[in-house]
Amino acid sequence: MKKILPSIFCFIFLISLTTVNAQDIQRTGGQARIYSMGNNPYIIDPEFIKLNPAWASDYYNFLWGDIGSNAGTSFGDQSNGQFAGLNVRLNSRFTLGGLLTVNTANQFVTISTLDPYGLVQSINNIVGPNRVVPLNNNFEAFGSYRYGSSTFGLGIAYAATQNEIDIPVPIVQTQIGDACQFGINAGILTRLTRDILLDVGASLIFPSVSYQSTNVPNTKLSQTIILVDARSFINVSRRITFVPLINLQSASGSAEAGGQSGDLPSTFNLGIGVGANYQIDDFLLAGGIGIDFNSIKYPSAPNQSPQYTDSYVEFPVWNLGAEWFATKWLVARLGYMASTFNSTNETPIPASLTQVQKTIITSYAPGTVTLGIGLRFGDFSLDATVNSDVLRQGLNTIGGGGPTFAYISTSYAF
């Protein structure tokens, strides 16, 4: 409680310094912008089309994507996180678009995220390496429909791989490894009053993998993932917007191997946040404080180990950011994020079928300062997060040893 009260007091104090209006929706942005502003969930950005396709109504005639991120010395083959998207306005009510994402894309789980809990790796650990090919190149189609003060969105995504081997000698044998994932999401943006905008998106994701071999029992793993994300933008004044949010994620599944069936580990995540935006002319200050509850429940193994659970509470979670249009073509961004973890880990005691050892520990995610820039050339935009090494070592051309930019997003509004 002694730690919680100062955090709440600091947040209330920050709010009291400003007196919030909804952010101006500009057809620019992406993951680089969000991360540069402290991985900020309290802002409006086209990245949230992935969570709620109803946002596509505001980002019509829009081509955007992420060039990717890299922690090494160059982008090259090591870069990850790329995706490309296109959204076209059909008429005053309808938009239609699509996303193509690689298997390393997305900072948060969406229907574009491929195999979020690593089923392919799990089955290959059972049946042998490379028997099932990892999923990649996920395609998502989405659309939006505006009616009155509300907009509805729907998205569908699918990806699949197959690996079949036919061995004719010494005996005929066929080995087939399959992986597939189907996802569907829906969302709504509705103005409850002139000053309250509600943003709700829900997703269902169904990844599954299987391996079949002649005269061997089939091996199959499958999951059901449920996601719900909700935010509200409440105009308190002409310049200040209050932004409460909540997100929920759960995953459960089943496994069949060696003629036996059982449950996969199940996860549950609940996040609650309270934030605000302060916008005046070309300056935006956005951020808030949140709390996350997370747990992973491992099923019991007959005659081997009891059921046990790992869990942690993350509080406070700080995501703060600022954005300033220094000129018509240059945007400067600054962010900060930090959090505290209280973890409870259970470990089965060897030779015991009922008892577990429990460990409770407090840990900290070190505070991270982020910098970013945005370049605007007419309808074309390029947004980049500055590599954190640059903050300590200087630009690469001046004496740093790594890349200047760690993540790059780009867009074109036509």
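Looking at N218, is it within 25 Å of Y117 (Cβ to Cβ), modelled with pLDDT under 95 and assigned to a strand (DSSP E or B)?
When the stated conditions are applied, N218 passes them.
With the structure loaded, tell me whether G275 is at pLDDT 95 or above, assigned to a strand (DSSP E or B) and over 19 Å from T344 (Cα atoms) or whether it fails that test.
So G275 passes the test.
Of the conditions (1) out of contact with any Asp or Glu (no Cβ under 9 Å at 6 or more places or on another chain); (2) part of a strand (DSSP E or B); (3) farther than 30 Å from V369 by Cα, G287 satisfies every one except a single condition; which number is it?
(3)
Step by step: first the residues of the range 118-152, then only those that are in contact with a strand residue (DSSP E or B) (Cβ under 6 Å, 6 or more places away or on another chain) and assigned to a loop (DSSP other than H, G, I, E, B), then the one that is surrounded by the most Cβ atoms within 10 Å (Cβ to Cβ). Which residue is that?
V132
Please state which of the following conditions G177 fails to meet, knowing it meets all the rest: (1) small (G, A, S); (2) more than 30 Å from F94 (Cβ to Cβ); (3) surrounded by fewer than 23 Cβ atoms within 10 Å (Cβ to Cβ).
For G177, the exception is condition (3).
Just give me the residues in the range 238-255 being closer than 16 Å to I126 by Cα and either crowded, with 16+ Cβ neighbours inside 10 Å or modelled with pLDDT under 95 (or both), in sequence order.
A255 - this is the single residue of the range 238-255 that is closer than 16 Å to I126 by Cα and either crowded, with 16+ Cβ neighbours inside 10 Å or modelled with pLDDT under 95 (or both).
Any residue in the range 186-203 that's buried (at least 17 other Cβ atoms within 10 Å of the Cβ): show its pairings with residues that are assigned to a strand (DSSP E or B) and basic (K, R) at Cβ separation under 6 Å, as long as the two are six or more apart or on different chains.
L197/R191; D199/R231
Looking at (1) closer than 14 Å to N52 by Cα; (2) at pLDDT below 95; (3) surrounded by 22 or more Cβ atoms within 10 Å (Cβ to Cβ), find the lone condition where V109 falls short.
Result: V109 fails condition (3) only.
Are there any pairs with C-beta distances below 6 angstrom linking a residue in the range 310-322 that is under 8 Å from N294 (Cα atoms) to a residue that is among the hydrophobic types (A, V, I, L, M, F, W, C) and modelled with pLDDT of 95 or more, with the two at least 6 apart or on different chains, and if so which?
Cβ pairs passing all conditions: V313/F293.
Would you tally the residues in the range 346-374 being closer than 30 Å to N303 by Cβ and either small (G, A, S) or in contact with a Lys or Arg (Cβ under 7 Å, 6 or more places away or on another chain) (or both)?
So the count comes out to 3.
The values are calculated or read from the model by the stated rules, or taken from the named source; none is laboratory data. Every value quoted in this text rests on a predicted model; they were computed, and no experiment measured them. So basically every Cβ, Gly included, is an ideal-geometry build from the backbone, and we count neighbours across all protein chains shown.
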